1. Quick one: in the range 9-18, of everything that is at pLDDT 95 or above and not acidic (Asp, Glu), which residue is nearest to TRP46 (Cα to Cα)?
2. For the range 5-38, how many residues are within 11 Å of the chain's Cα centre (by Cα) and within 23 Å of ILE63 (Cβ to Cβ)?
3. What is the number of the single condition among (1) loosely packed, with under 15 Cβ neighbours inside 10 Å; (2) modelled with pLDDT of 95 or more; (3) touching a strand residue (DSSP E or B) at 6+ places or on another chain (Cβ under 6 Å); (4) hydrophobic (A, V, I, L, M, F, W, C) that PHE60 does not meet?
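The values are calculated or read from the model by the stated rules, or taken from the named source; none is laboratory data. All values derive from a computational prediction rather than experimental measurement. In this analysis, Cβ positions are derived from the backbone assuming ideal geometry, glycine residues included, and neighbour counts consider all displayed protein chains.
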Amino acid sequence: MQIIVNDAPMDVAEPLTVSALITLLDKTDAGVAVAVNQEIQLRADWESRELRNGDNILLFQAIAGG
């Protein structure tokens, strides 16, 4: 299936959860927020939230600054 991650098309095997996508992209859970189709996903739901063909995923990384 094809999804869009931060505006870049990506082909992935299904089924794929938000949590599995984070692992696939080699991201850490710390400081990461995820939106699927412009809806923020609660971290507690990442394991169960399955992605579908055409989903638009945005990953946000919190950064410290001054």
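1. Pass one, the range 9-18, residues at pLDDT 95 or above: 9-12, 16-18.
Pick out the ones that are also not acidic (Asp, Glu) and you get 9-10, 12, 16-18.
Values: PRO9: 21, MET10: 19, VAL12: 17, LEU16: 10, THR17: 7, VAL18: 5 Å.
Restricting to residues being at pLDDT 95 or above and not acidic (Asp, Glu), the top hit is VAL18.
2. Initial filter on the range 5-38 (within 11 Å of the chain's Cα centre (by Cα)): 5-6, 16-25, 27, 29, 32-37.
Next cut, within 23 Å of ILE63 (Cβ to Cβ) only: 5-6, 18-19, 21-25, 27, 29, 32-36.
Looking only at that region, the number is 16.
3. Of the numbered conditions (1) loosely packed, with under 15 Cβ neighbours inside 10 Å; (2) modelled with pLDDT of 95 or more; (3) touching a strand residue (DSSP E or B) at 6+ places or on another chain (Cβ under 6 Å); (4) hydrophobic (A, V, I, L, M, F, W, C), the odd one out for PHE60 is (2).
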